[in-house]
1. Given the structure, is A:F83 within 23 Å of the chain's Cα centre (by Cα), away from chain B (no Cβ under 13 Å) and either aromatic (F, W, Y) or within 30 Å of B:E402 (Cα to Cα) (or both)?
2. Of all residues in region B:373-413, how many are within 11 Å of chain A (Cβ to nearest Cβ), closer than 23 Å to B:V362 by Cα and among the aliphatic types (A, V, I, L, M)?
3. Only one of these conditions is not met by A:L319: (1) surrounded by fewer than 23 Cβ atoms within 10 Å (Cβ to Cβ); (2) within 13 Å of chain B (Cβ to nearest Cβ); (3) touching a strand residue (DSSP E or B) at 6+ places or on another chain (Cβ under 6 Å). Which number is it?
4. I need a count of the residues in region B:283-316 that are more than 23 Å from B:P457 (Cβ to Cβ) and not β-branched (V, I, T).
5. So, in region A:464-501, exactly how many residues are in a strand (DSSP E or B) and among the hydrophobic types (A, V, I, L, M, F, W, C)?
6. With B:L352, B:L418 as the choices, which residue is within 23 Å of B:S455 (Cα to Cα) and out of contact with any Asp or Glu (no Cβ under 8 Å at 6 or more places or on another chain)?
7. Restricting attention to region B:25-62, which residues are touching a strand residue (DSSP E or B) at 6+ places or on another chain (Cβ under 7 Å), surrounded by 21 or more Cβ atoms within 10 Å (Cβ to Cβ) and within 14 Å of another protein chain (Cβ to nearest Cβ)?
8. For B:I242, work out the one condition from (1) part of a helix (DSSP H, G or I); (2) in the same structural domain as B:L319 (by TED's automatic domain parsing) it doesn't fulfil.
2 protein chains.
Amino acid sequence: MTATTASPDVWSTPLTPLAFLGRSAEVFPDREAVVYGERRMTYTQLSAEVTRVAHALRACGVTPGDRVAYLMPNIPEMLVANFAVPLAGGVLVAINTRLAPPEVKYILEHSGATVLVVDAALHDLVDSGLGDLPELRHVVTVTDPAGGVQPSPTVPGFSYDQLLAMGNDESLPWTVEDERSTISINYTSGTTGRPKGVMYHHRGAFLNSLSEIIHSQHTGRTRYLWTLPMFHCNGWCTAWAITAIGGTHVCLRAVDADVIWDLFDKEGVTHLNGSPTVLVSIASSSRVHTLDREIVVTVAGAPPSPTVISTMTGIGAKLVHVYGLTETYGPYTVCEVQVGWDALDIRERSRLMARQGVGMIVTDGIRVVDEHMQDVPRDAETMGEVVMRGNNVMKGYFEDPEGTADAFRGGWFHSGDLGVWHPDGYLELRDRAKDIIISGGENISTIEVEAAIDSYPGVLEVAVVSHPDEKWGERPKAFVVVRAGETPPTAAQIIAHVRTQIAHYKAPDQVEIVESLPKTATGKIRKVELREAEWAGHSSRVQG
Amino acid sequence: MTATTASPDVWSTPLTPLAFLGRSAEVFPDREAVVYGERRMTYTQLSAEVTRVAHALRACGVTPGDRVAYLMPNIPEMLVANFAVPLAGGVLVAINTRLAPPEVKYILEHSGATVLVVDAALHDLVDSGLGDLPELRHVVTVTDPAGGVQPSPTVPGFSYDQLLAMGNDESLPWTVEDERSTISINYTSGTTGRPKGVMYHHRGAFLNSLSEIIHSQHTGRTRYLWTLPMFHCNGWCTAWAITAIGGTHVCLRAVDADVIWDLFDKEGVTHLNGSPTVLVSIASSSRVHTLDREIVVTVAGAPPSPTVISTMTGIGAKLVHVYGLTETYGPYTVCEVQVGWDALDIRERSRLMARQGVGMIVTDGIRVVDEHMQDVPRDAETMGEVVMRGNNVMKGYFEDPEGTADAFRGGWFHSGDLGVWHPDGYLELRDRAKDIIISGGENISTIEVEAAIDSYPGVLEVAVVSHPDEKWGERPKAFVVVRAGETPPTAAQIIAHVRTQIAHYKAPDQVEIVESLPKTATGKIRKVELREAEWAGHSSRVQG
């Protein structure tokens, strides 16, 4: 076939989320783009600040491909960075604000960031470590009045206002030359080893943004509450998605259930993303009441429990359950709700909705494979590793060819998550490879044990980890948080209950009632911390 | 920056709408994919038939890049073709069923189609012309009981059932090697010259599908009524979009208002696309009644009039006004409804909604330019040509490098449409370049004159074209259709009314009351036909 083609520029332009802000500034100039307390920015103002910061970063010496680090809560400056850094040609490295100073320093060093923009309240994370970072040329401090903290006098550099003064208002093109060039590097803190720098490209960020608009049903009337950290997978690409659809970003400095309820009521919030933990905290607030409009809550990080599903549905929320990893731009699968599910009782519906589901609309789908990369049977029983590929998989780990090659072995991205494949093609996670308990040669899914305990009356949260056992190698131990005002159950009561739900050998040997569970910035329970305490002094724990 | 990258296959796969059917067959196997009278196909059945037809086409000798022509109304076989032909590696050429036999023959010849699949009721379009098409190897006839027509004995070839028997059920990958390879060629009948073959690529089709899901707000509960011909820009890419979201295609052999109302009521239709003409016919039906659910009507082809907008809104429809050309995969712009518009009165709201708007979410936006490719001022007055570029612009005209180069001159696709740019960045079309009337050196927009006449009580439809004038060169003439039961106005009444709305010199000299207006298959008024009748015997008409 003789195809008649002319310059590809006319009919094929590189995909980039930058175009989303260019469009929204043009189409919705006066619409509220950002809300933060009393601060308001229209799309005109947002694009103007983005442009100014991009110029300022160039004035700071940022050249194409340079890394620019941000260490900041979910304030407008962090949102601006998601566009300003790539507009300047740079690569955004948004650092987890819950890390310890040595981890932050490692990321600054490994990424080779030339500029760091940091919130004054987080100065303690960098105060002592900035001296010996030869590539870091500028440190810029944002002093947010709502942060209530003055900059540390020992952190060098200049203020965000001074940064802005270095910029100008001349418009820059909302384009990129190569859609496969890197837009951001998100460091993921493995539970072992050093954090790895997950590289996203413009093409993947663009496609995943559209995918999230579709699956979370965003519209131009979306008022999105930033409960999910923007440093986490660029907020699952939501920084770009909400901007694309012309919605409103409602910023949030810290996750506080009372503040969230204030914003639900005052700002007309329509959407939020978060882990079940965040939902538990919202639903447990004394301020809880039925909403006068539907809020779409996109939940990930752990399967929502029947209690979370029924509580959130009860107040007028609609849950969208998604699953992914930093390596997949955030969400990769969605538990698509089938037509008949509405009619099911809450227990059955929750059971179905707790599954991680199927590949989102722009993905290549998922596979669950055995160690030989063969699909496991779709029998809801055989466990295998979840693998993914396609435009929503990272380009690789920054400056870590071995790590990348290992993650991509066999031509697929290996998630390290273990799950079963249901006959209807839905994935259900059983465990992180490192969380699975191998007791006398039998696999015990900690998620399954947790679900059984969660159904005991009065249980608010639960985490199950392995603890060492002379006879079995390892056995499950449960940490249980009880709802306020409830009488804590005894270990025997919990164990007896679990045995009514699942196989006896899966019931925990030990149950500890605790005040709270250790969590990551994104609300995931830090099982590694619980597990390490159990295994202190033992060397036989094979899964790290 | 040293980027660490591995095999792009893991993290970058070619975009193709084929993946949409692969996913929906996997995720929604039992969902109703296609409804056609009593016929029902689930997504499992749709993907099975697509697979079988793809194998059969290969058995017919279709190799990568070969063109496969379809001449067919909006029946399930036509929908299947949108996936089966590219799955076989071929390029779909869906031919306009309203063309004359010589035009159909020209397209078969020019495209070099090796297979033609034709509905028995359209045999008269090909009966005499198939003899001397050396590249055409197979003719396949679909005999649709609802068509009520038996195949012509003189058309060679075999039946669709025989085609199906040549296929098999072995699954084929829902992938493509090169996302910029051609998926379809849509011949656009220029009003002068030969039809041109507009080439779409997989990437553009994929992106425009997502864009339509977003702008027309499709969900898995969409039940889409096929009022828009599938041969027209692959149904504005809706054949792919509805499949992507797991909606239901409600097929429709012919646009008949009573049948449409039946399907609204019986099939729970939620969405349709069409021209204002189709909406007028729906709204004028004796069956008209208020809907018990919102129907989203995506309208293009001409700006919807205030009457159409208020009537459709009155019965419970929500209008989405889009604009594009065959060369832009169908819709390229959308009249984004701004937050305050709901509160405006119907006249003002209609005036705003009648504008063609802004580039859709995946586009590169539009420009309105003068003859030197400079942007015209955004003053709502200065006319210029609408130009577009990016992933939603065709690859070019098939085997027509000169035509392609001309359409792409200056690095932009030239639409041939004239419009003004409003201060808010919204495009408003004034005319096709060939429709504009130049009277004594002044431009007169026929669309503007039509809008003025449309606001006269009792007017159902109107078309304005140039007619020859000794003194002014050309002057406007109006053809007016009056609503059933209304007393036709006099020419003097119409002219007097128009002068209350727009400049006196723009009022028509002649007004002719007619029973109906000539229309294209997609419901556009064929102004060329009206104009040619006026200019018969004159040679001075400069715009063709």
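The values are calculated or read from the model by the stated rules, or taken from the named source; none is laboratory data. Just so you know, these numbers come straight off a predicted model, no measurement behind them. Neighbour counts are summed over all protein chains in view; Cβ atoms, including those assigned to glycine, are modelled from backbone coordinates with ideal geometry.
1. The answer is yes for A:F83.
2. Total satisfying the criteria: 5.
3. (2)
4. Residues flagged as more than 23 Å from B:P457 (Cβ to Cβ) and not β-branched (V, I, T) within region B:283-316 amount to 9.
5. Summing the residues that are in a strand (DSSP E or B) and among the hydrophobic types (A, V, I, L, M, F, W, C) in region A:464-501 gives 7.
6. B:L352
7. B:V27, B:A33, B:Y43, B:V62
8. With (1) part of a helix (DSSP H, G or I); (2) in the same structural domain as B:L319 (by TED's automatic domain parsing) applied to B:I242, the lone miss is (2).
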